[in-house]
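One structure is given here, and the rest of the page talks about it.
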Amino acid sequence: MVYTHTMVQPSPHELLSEEEMQNLLQVTGCSAQLQRPSCQTTCLSERYRSITGECNNRKNPRWGAANTPYSRWVPPEYEDVWGTPRGWDPARTYHNVTLPPVRFVSQEVLFTHNNNISLDSTLSHLLVEWGQWIDHDLVLTPQSPSTAAFRTGADCIQTCSRNTPCFPIQIPLSDPRYGLQSCMPFFRSAPSCVAGLLPHRHREQLNTITSFVDASMVYGSSDSLASALRNNSSPLGTMATNPHYSDGVLAYMPFMPLQQAQLDPCGPRNTNASAASNRSICGKNTTSCFQAGDSRANEHLGMIALHTLFLREHNRLVKELHLLNPHWSPDTLYQEARKIIGAIHQIVTWEQYLPRVLGESAMSELVPPYEGYDPEVDPSIVNVFATAAFRFAHVTVQPIVARLGPGYVTNPQHPPTASESLFASWRIVQEGGIDPVLRGLLLSPAKLQMQGEMMVEELTERLFQAQGGIPLDLGALNLQRGRDHGLPGTSFVL
């Protein structure tokens, strides 16, 4: 009988009293996630989508809202019932074979020399950029807020020991980096309270932004951020702009508040950049990081360009709407412009982007014509889509980031490599604005997806190296994230 009991993992409810569970829920902030939101019945709430996504569906008010767990099509596959990722124990076998290190898989399967790629003759690099842009409208997985191992207190950036939330990527013996670097830092994704605290439920990750195509990367997914991004003194419902810099009469996004920039200089640690990069990986001279509706706005020049473009478009729209409807309040102008911007994103995505990604025949079969709103459809993002499927565009990224002048000619003073465009917001202000970036996206072809030409070395060998951090490997990070999230599939890879 004793032996049988030791084979079963105890439930958290068997270890903690009901009072202790309630205290734990309160101090961790899980209580808010578990409560059903109270949906308002005001004119604005009835007419427009909420910023948080809550109450868009009055019957199921948390569906698709920010800070809700991902959904699953099939159960996850972890090492144990506690959600330990596969590969945590390197000696453990699956189908009588141990899992290879993700860095080894990246090198053997994904690595492609920058000069050994084929170009897509039909699609521009703007298609690649739009994919990431829409991804930032749908998906943001927070990492553990702790940067230190729970048991030992070791710094996850420095240690090569696996100790939650530290899940470092080991450097194999065959790696050219072996001897120079023992591991790459990696933080586990934070678990959702909703799934993790219920008996017999698996570990599930959290989506901190809305699951809707609603331009949340422009406006934010929390009421506090949405308010901070607005020009609250404007009678027109405009968004705040940069008071220090502009591109002639064209506005830039405001900079992050100084305190926030010091704590989090370029957005969330979803990049696993090293501590060395935190000196000023966005800033150079007097330029700082831009503040936008999504914390990844500063990741690279193309993302900054699109954020700036739609900020300007919102402010143009509210001025036009005011001329047509001078009696509208600032809130109405803001919400009507926001609704139009959201509609633009839906139209471009469904009519331009998806047909070119899926193909016309697959598009017509998989995405039939809209037949009206169905409150029984859960719009929550599926974990495997966020963590694996929608990362396909990483193998379409060019190693060259072209910035072109008015005559569509290159400027030799502008570094052309992708790694030099990461977290370089200062280049926008000091090197010609967003127009050169947009011209480059329109004229440059996407990288063709080929079985033997997968991910360019700018992404596998030099990721964030130009920002003073440890050079990371996007392919290895993707694979490690798949194991962290318990994605089922081919065990030898995931």
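The values are calculated or read from the model by the stated rules, or taken from the named source; none is laboratory data. All figures in this text were calculated on a predicted structure; none of them were measured in a lab. Note that we place each Cβ from the backbone using ideal geometry, even for glycine, and neighbour counts take in every protein chain shown. Side chains included, ligands, DNA and RNA excluded: accessible areas come from the protein's heavy atoms. Shrake-Rupley method; radii C 1.70, N 1.55, O 1.52, S 1.80 Å.
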Amide H neighbours of PHE255 at under 5 Å, excluding residues fewer than 5 places away on the same chain, with H built from the backbone geometry, are GLN291
Where a ≥ b ≥ c are root eigenvalues of the Cα gyration tensor, a/c under 1.5 meaning rounded, otherwise prolate if a/b exceeds b/c and oblate otherwise, the stretch 393-494 counts as prolate
Reported to the nearest 10 Å², ARG58 has, with a 1.4 Å probe, an accessible area equal to 90 Å²
With all protein chains in place and a 1.4 Å probe, TYR48 shows an accessible area in Å² (nearest 10) of 20 Å²
For MET239, other-chain or 5+-apart residues with amide H closer than 5 Å (H placed, Pro excluded) are ASN231, ASN315
Sorting ILE400, ILE470, ILE169 on solvent-accessible surface, 1.4 Å probe, most exposed first, gives ILE400, ILE470, ILE169
Scalar couplings 3J(HN,Hα) for the stretch 139-145 by Karplus 6.51 cos²θ - 1.76 cosθ + 1.60 (θ = phi - 60°), nearest whole Hz, x for Gly and Pro, are 9, 8, 9, x, 8, 3, x
Rounded to whole Å², per residue accessible area for the stretch 59-114 with a 1.4 Å probe reads 52 Å²
Simple spin-label estimate for THR122/ARG36, 7 Å along Cα→Cβ, in nm, reads 4.9 nm
For SER124, the residues 5 or more places away or on another chain with a placed amide H closer than 5 Å to its own amide H are ALA446
To the nearest Å², the heavy-atom accessible area per residue of the stretch 376-494 with 1.4 Å probe amounts to 38 Å²
Along the stretch 174-179, Karplus-curve 3J(HN,Hα) (6.51, -1.76, 1.60; θ = phi - 60°) to the nearest Hz, with x for Gly and Pro, reads 7, 6, x, 7, 4, x
Expressed in square angstrom to the nearest 10, the accessible area of CYS39 with a 1.4 Å probe stands at 40 Å²
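Quick one: ranking VAL249, VAL409 by accessible area, 1.4 Å probe, largest first, what do you get?
Working: VAL249 145, VAL409 90 Å².
Putting VAL249, VAL409 in descending order of accessible area: VAL249, VAL409.
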